[in-house]
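Visitor: Dropping the structure in here first, questions after.
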Amino acid sequence: MNIHEYQAKSLLRKHGVPVPNGHAVFSPEQAGEIAYKEFASKGTKVIVLKSQIHAGGRGKGVVHDIHTDKPLQVDDKDVRGVSVLTSGNLADRAYKLAKATIGNKLVTIQTGKEGKVVRRMFIEEGVNIAKEYYLSILLDRNTSQNLIMASTEGGMEIEEVAEHHPEKIIREHIDPVIGFRGFQARRLGMGLGLTGDALKNFVPFIQTLYRAYEDMDCAMLEVNPLVRTNDDKWIALDAKVTFDDNALYRHPEYAELRDTSEEEPLEIEASKYDLNYIKLDGNVGCMVNGAGLAMATMDVIQLAGGKPANFLDVGGGANVNRIANAFRIMLSDPNVKAVFINIFGGIVRCDRVANGIIQASKEVQLTVPCIIRLDGTNAPEAREILEKSGLTFSVGTTLEEAAAKVKQTVDKL
Ligand code: ADP
Ligand code: MG
């Protein structure tokens with residue numbers, strides 16, 4: 001689960017990590033009001049207006065009109081996803097920029113050219129930046145350890161640094177039993193070329209940040225840029241947080257941080273029924289039980305010349321209702337031109353699955369070819385039920401046979 005920058009910063013602040021003061025706003029009027037009340041009237045000289053979307057690269061991204069797709073301008077300048085305001089009437093400028101941004105879409109390197117609609121913005125005090133650095137903490141699945149990565153190349157995408165200057169990324173793996181040790185914090189700081197107060201202040205900063213990562217149950221915490229100020233203090237200027245979904249049950253308070261407008265609508269719908277559904281961009285919908293079989297099925301579709309439209313694992317104990325819902329969700333994707341159902345009846349009996357499919361195809365208009373392979377407990381009964389249903393399914397007994405049918409179908413698309 002991902003959250004917005006302003007939410008991440010508010011959590012980090014609670015965990016003792018220094019972040020700039022800021023307020024989220026939801027309308028241009030509110031942007032103008034907050035810019036005046038909280039900042040300009042209190043003597044703040046520099047404010048920063050930041051679009052809140054679940055994607056990075058906002059600083060270089062440009063806001064486009066939602067209807068015409070044309071880049072938007074205020075005072076003859078492109079409206080960007082991050083604007084640093086240093087002069088003029090700050091409240092008035094914040095209002096104008098927010099008016100141009102909210103409800104329109106921001107196109108960045110990470111959103112793709114279709115962009116993302118901006119519904120919230122964040123107004124923050126400007127920070128005096130001596131230098132920008134890169135810092136992230138994530139779970140390294142190869143070593144089963146948390147990994148801290150740091151670089152002097154702040155503000156750049158880390159993928160870019162990894163490609164062109166891999167030597168500029170320094171890494172520390174954290175032993176889960178021993179934890180993050182002082183010498184590792186110092187080694188990171190020295191790796192960044194820090195000395196004196198900058199190094200002295202970096203050590204507690206990174207230790208606090210690491211503790212926040214653990215206590216918040218993150219799967220990833222990226223601070224890019226991490227900023228060193230002119231007086232050698234450290235501030236998280238940007239924050240991208242991904243929670244570990246398996247730990248969400250420990251944090252019921254995170255539920256309200258969810259912004260479903262940022263998520264794939266079909267995936268939200270699927271999560272209501274406990275279905276593991278991930279939308280992909282192919283044309284063959286697949287419905288499978290068990291993640292391993294789902295992956296094998298996607299491979300088979302690919303080998304047959306098709307492209308999976310989704311990953312969908314209905315789970316071991318799939319009942320009729322679940323199958324019906326899975327069917328409905330899969331078919332609501334307009335890209336789906338054929339469906340392949342591949343279920344192994346271990347706990348769930350194949351005849352039940354067959355009845356579920358029949359019931360579901362009565363509820364949802366099945367307008368695309370559907371290939372079914374059911375194997376395991378009561379497979380022959382299931383086949384009979386499907387054949388007698390009068391519905392036009394194509395039934396395969398073995399995976400090979402079903403794959404051949406998928407191929408025939410795909411070839412005709
Ligand atoms: P993104 O990564 O989406 O481009 P960032 O939050 O990293 O967005 O902001 C982009 C750049 O804008 C930063 O690298 C920094 O130079 C500048 N910036 C962001 N927030 C502030 C701030 N509070 N004060 C000063 N400059 C800022
Ligand atoms: Mg950033």
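The values are calculated or read from the model by the stated rules, or taken from the named source; none is laboratory data. Note that the structure is a prediction, hence the values are computed from the model and not measured. Glycine also receives a Cβ, built like all others from the backbone with ideal geometry; neighbour counts cover every protein chain displayed. These accessible areas exclude ligands, DNA and RNA; they are computed on the full protein's heavy atoms, side chains included. Shrake-Rupley method; radii C 1.70, N 1.55, O 1.52, S 1.80 Å.
Visitor: Roughly how many nanometres apart are two label points built 7 Å out from the Cα toward the Cβ at V117 and R211?
Guide: Inter-label distance under the simple model: 4.2 nm.
Visitor: Would you mind working out the accessible area per residue for the chain, using a 1.4 Å probe, and quoting it in Å²?
Guide: 48
Visitor: Moving on to the next point. Kindly provide the helix-only [θ] at 222 nm of the chain, computed as the sum of -39,500 (n - 2.57) over DSSP H runs of four or more divided by all residues, to the nearest 500 deg cm²/dmol?
Guide: When only DSSP H runs of four or more count, the value is -10000 deg cm²/dmol.
Visitor: Using a 1.4 angstrom probe on heavy atoms only, work out the carbon and sulfur share of the accessible area of segment 161-273 in %.
Guide: Answer for segment 161-273 is 49 percent, counting heavy atoms of protein chains only.
Visitor: When a/c reaches 1.5 or more, the comparison of a/b and b/c decides; with that in mind, is segment 21-125 rounded, prolate or oblate per its Cα gyration tensor?
Guide: Here segment 21-125 falls in the prolate category.
Visitor: By how many degrees, between 0 and 90 and to the nearest 10, does the Cα long axis of helix 350-363 differ from the longest principal axis of the chain?
Guide: Helix 350-363 and the main axis of the chain meet at about 70 degrees.
Visitor: For R141 and I278, FRET efficiency with R0 = 22 Å and r from the beta-carbon atoms, rounded to 0.05?
Guide: Result of the calculation: an efficiency of 0.80.
Visitor: Let me ask something else about it. Just to verify a number: FRET efficiency for A404 and E267, C-beta to C-beta distance, R0 = 41 Å, to 0.05?
Guide: 0.85
Visitor: I would also like to ask the following. Determine the gain in length on full extension of the stretch F183-N230; use 0.36 nm per residue of separation and subtract their C-alpha separation, reporting nm with one decimal. Before the final figure, lay out the partial values.
Guide: On the way: separation 47, 0.36 × 47 = 16.92 nm, distance 2.53 nm.
Extra length available between F183 and N230 comes to 14.4 nm.
Visitor: Structure shown: which of K9/K50; K272/K388; K240/K272 lie over 23 Å apart, alpha-carbon to alpha-carbon?
Guide: K272/K388; K240/K272
Visitor: May I pose another question? Suppose we keep just the DSSP beta bridges with both residues in the chain; what percent of those would be antiparallel, to 5? Don't skip to the end; give the middle numbers.
Guide: On the way: 56 of 74 bridges.
Counting DSSP beta bridges with both partners in the chain, the antiparallel share is about 75 percent.
Visitor: Once the whole set of protein chains is in place, how much accessible area is left on H164, using a 1.4 Å probe, in Å² to the nearest 10?
Guide: Its accessible surface works out to 120 Å², give or take rounding.
Visitor: Full extension from M220 to S332: what is 0.36 nm times the residue separation minus their Cα-Cα distance, to one decimal in nm?
Guide: So the chain would gain 37.1 nm between M220 and S332.
Visitor: Say the cut-off is 28 Å between C-alpha atoms; which of K116/K407; K37/K77; K279/K405; K96/K168 go over it?
Guide: The pairs that break the limit, which is 28 Å between Cα atoms, are K116/K407; K96/K168.
Visitor: Over segment 21-125, what is the relative contact order in percent, taking alpha-carbon pairs closer than 8 angstrom and at least six residues apart?
Guide: Once divided by the residue count of segment 21-125, the mean separation gives 43 percent.
Visitor: Still on this structure: With contacts defined as alpha carbon pairs under 8 Å and 6 or more residues apart, what's the relative contact order of the chain in percent?
Guide: Details: 830 pairs, mean separation 50.4, N = 413.
That works out to 12 percent.
Visitor: Express the relative contact order of segment 131-254 as a whole percentage, based on alpha carbon pairs under 8 Å and six or more residues apart in sequence.
Guide: Contact order relative to length: 27 percent.
Visitor: Given that compact globular proteins tend to follow 2.2 N^0.38 Å, what is the ratio of the alpha-carbon Rg of the chain to that value?
Guide: This ratio for the chain stands at 1.19.
Visitor: Extending each Cα 7 Å along its Cβ direction at E363 and S27, get the distance between those two points in nm, one decimal.
Guide: In this crude spin-label approximation the distance works out to 3.9 nm.
Visitor: Also: Compute the angle between helix 291-303 and the longest alpha-carbon principal axis of the chain, please, reported from 0 to 90 degrees and rounded to the nearest 10.
Guide: For helix 291-303, the angle is close to 80 degrees.
Visitor: Still on this structure, please answer the following. Taking the chain as the reference, fit the longest principal axis to its C-alpha atoms, fit the long axis of helix 5-14 to the helix C-alpha atoms, and give the angle between the two in degrees, 0 to 90, nearest 10.
Guide: It is inclined by approximately 70 degrees.
Visitor: Then there is this: How large is the convex hull of the C-alpha atoms of segment 118-270 per residue, in Å³?
Guide: Spelled out: Cα convex hull of segment 118-270, divided by residues, is 153 Å³.
Visitor: Taking H placed 1.01 Å from N in the peptide plane, check which residues at least 5 places from N104 or on another chain put their amide H under 5 Å from its amide H.
Guide: Under 5 Å from the amide H of N104 lie the amide H atoms of V118, each far enough along the sequence or on another chain.
Visitor: Now for a separate question. Determine the shape class of segment 265-412: with a ≥ b ≥ c the square roots of the Cα gyration tensor eigenvalues, call it rounded for a/c under 1.5, and otherwise prolate if a/b is greater than b/c, oblate otherwise.
Guide: Here segment 265-412 falls in the rounded category.
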